[in-house]
Amino acid sequence: MSDPNPPPPHPLAWIDDELVRLEREGRRRRLSTREGPQGPRIVVDGEALVHFGSNDYLGLAADPRLAAAASEAARTEGWGSGASPLVLGRARPHRELERRLAEFEGTEAALVFASGFAANAGAVAALVGPGDAVFSDRKNHASLLDGCRLSRADVRVYPHGDWQELDRLLTRTRARRCLVATDSLFSMDGDLAPLVELVAVCEKHGAMLLIDEAHATGVFGPSGRGVAEALGVEHRVPVRVGTLSKALGSAGGFVVGSRSLIEWLVNTARPYVFSTAGPAATAAAALAALEIVRREPQRRETLLARAATLRQQLRDQGWNVGSSASQIVPLVVGDVGRAVRLSHALRRRGVFVPAIRPPTVPEGEACLRISLTCAHTDEMVAELVEALRQL
């Protein structure tokens, strides 16, 4: 006899069905474990691979100088910060890092966040709100997109890199304040935002411009400050965001700009106000990385030259590398299943290149994302090129 009152289904039972769907669509991701330090050669789940999936563009993540700086700071400052920066979680290395970042970026002030995601989301939501409008490039990083949503401003998404459409949108808006947010170097496509044109459009309409230099800091520009420096417009961009966790090999994010901007963020950026400060040791490591960026420009010069050569080699083989102009080189294949199969085939040849699938990229734009670092040797790159030729 059946139970007249069967128990209700488990409230999370739907997740299993959704995981099956993701598996069927080739979109289910699984965690792996890296053994040992980040570098151009890694061991993943016991398998030795040449690594083309890292954002450690200058090869600093395992640099002993960063480790030494972090170790000394951990010895003198302890590890955990214990509180938000406003409740005495901020330590001397944080203060010194903010001073040095402002000096490095040529701005009045800087503010360090616990992550680059927090810096983007916090800055956008602090600058606009209900009654305002924020204009976002279609291919912006998720941290900018989430900041737009959190702001509760009217969000307008313009086609990727289309500054003319942005101009039209700004002409029609009646919002109280307007903010334009864009990556400077797009993390999946490897292409650059048209910052010269974006600056001109924002100045024409009196709109604020925020650019995220996360993938360009340390790599682009004569001093390594990013794409805005490379294009000569950095002092016309009022809000610049960067990260400490990619080319600088540490952890955290930052915003640089005027003193009044930074003071405003200290008081209103919720991810800053309500998050525990990052460990002082990570700030010390970032300080060491900034000094290396200043003293060793050959790292970024070698990286960008090697990337240009790789892009041409792959085009010669017939691969679609899109409009990449950086150390990020996508092989656009479109189909999710093909991207996954190619990634697995490369791994069987001892080369790790991740397959990037929706929602990270738009539908129909699945790709292999090759990420070069200056720690890669010519032999490693040649191994990648040969493996791709075989495929």
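The values are calculated or read from the model by the stated rules, or taken from the named source; none is laboratory data. On a predicted model such as this, the values are computed, not experimentally measured, just so you know. Ideal geometry is used to build each Cβ from the backbone, glycine not excepted, and the neighbour counts take in all protein chains shown. Only protein heavy atoms, including side chains, enter the accessible area calculation; ligands, DNA and RNA are left aside. Shrake-Rupley method; radii C 1.70, N 1.55, O 1.52, S 1.80 Å.
With r as the distance between the Cβ atoms of Ala74 and Arg168 and R0 = 51 Å, compute the FRET efficiency 1/(1 + (r/R0)^6) and round to 0.05. The value I calculate is 0.45.
Heavy atoms of the protein chains alone define the surface here; on that basis the stretch 265-391 has 42 Å² accessible area per residue at 1.4 Å probe size. Per residue, the stretch 139-223 exposes 41 Å² of accessible surface when a 1.4 Å probe is rolled over the protein heavy atoms with every protein chain present. For Ile356, nonlocal amide neighbours, meaning residues 5 or more places apart or on other chains whose placed amide H falls under 5 Å from its own, are Cys367, Leu368, Arg369. For the stretch 219-270, the relative contact order comes to 20 percent (Cα pairs under 8 Å, sequence separation of at least 6).
May I ask for the distance between the Cα centers of the stretch 280-313 and the stretch 325-391, given as a whole number of Å? When both Cα centres are located, 22 Å separates them. Note on the chain: antiparallel DSSP beta bridges, both residues inside, total approximately 55 percent of the bridges counted. For the stretch 312-359, the spread of Cα coordinates along the three principal axes comes to 27, 26, 19 Å, biggest extent given first. Residues whose amide H falls under 5 Å from that of Val134, counting only those 5 or more places apart or on a different chain, are Asp154, Val155, Arg156, Leu179, with hydrogens built in the peptide plane.
The residues of the stretch 1-122 expose, per residue, 61 Å² of accessible area to a 1.4 Å probe.
Of the two radii for the chain, the radius of gyration is 0.99 times the Kirkwood radius, both from the alpha carbons; that is the Rg over Rh value. Let's see if you can work this out: charge +1 on each Lys and Arg Cβ, -1 on each Asp and Glu Cβ, no other charges. What is the dipole magnitude of the stretch 215-268 about its Cα centre, in debye to the nearest 20? Dipole size: approximately 20 debye. Residues whose amide H falls under 5 Å from that of Ser115, counting only those 5 or more places apart or on a different chain, are Gly253, with hydrogens built in the peptide plane.
Here the spin labels are modelled as points 7 Å beyond Cα on the Cα-Cβ line, and at Val196 and Glu296 they lie 3.3 nm apart. For the peptides 45-58, 242-255, 28-41, 214-227, the ranking by mean Cβ contacts within 10 Å, running from highest to lowest, is 242-255, 214-227, 45-58, 28-41.
Only Cα pairs under 8 Å and 6+ residues apart enter the sum, and on that basis the relative contact order of the stretch 168-311 stands at 18 percent. Dipole of the chain computed with +1 at Lys/Arg Cβ and -1 at Asp/Glu Cβ about the Cα centre; of Leu144, Pro40, Leu169, farthest Cα towards the positive end is Leu169. Report note on the peptides 321-327, 374-380: ranked by the mean count of other C-beta atoms within 10 Å, highest first, their order is 321-327, 374-380.
Selection among Val199, Gly218, Phe186 by position relative to the dipole of the stretch 128-256 gives Val199 as farthest towards the positive end (Cβ unit charges, Cα centre). Across the chain, the relative contact order, built from alpha-carbon pairs under 8 Å that are at least six residues apart, equals 22 percent.
Three principal axis extents of the stretch 1-123 based on alpha-carbon atoms, in descending order, are 76, 43, 30 Å.
Taking Cα centre as origin and charging only the Cβ of basic (Lys, Arg, +1) and acidic (Asp, Glu, -1) residues, the dipole magnitude of the stretch 1-150 rounds to 180 debye. Rounded to the nearest 20 debye, the dipole size of the stretch 183-320 about its Cα centre is 240 debye, using +1 on the Cβ of Lys and Arg and -1 on the Cβ of Asp and Glu. Between the DSSP loop rule and a limit of at most 13 other Cβ atoms within 10 Å, which GluC sites (Glu not before Pro) in the stretch 247-340 are left? Here no loop site has a sparse enough neighbourhood. Leaving out ligands, DNA and RNA, what percent of the accessible area of the chain is carbon and sulfur, probe 1.4 Å? In the chain, the share of accessible area belonging to carbon and sulfur is 53 percent.
Which of Val241, Ala251, Phe52 sits closest to the plus end of the dipole of the chain, meaning its Cα is farthest towards the positive end, when Lys and Arg get +1 and Asp and Glu get -1 on the C-beta? It is Val241.
Stokes-Einstein, applied to the Kirkwood radius of the stretch 329-391 over Cα pairs at a viscosity of 1.567 mPa s and 4 °C, places its translational diffusion at 108 µm² s⁻¹.
The stretch 60-122 and the stretch 225-255 have their alpha-carbon centroids 15 Å apart. Each listed q (0.09, 0.12, 0.19 Å⁻¹) maps to a log10 I(q)/I(0) for the stretch 122-258 from the Debye sum over equal C-alpha point scatterers, namely -0.23, -0.41, -1.07.
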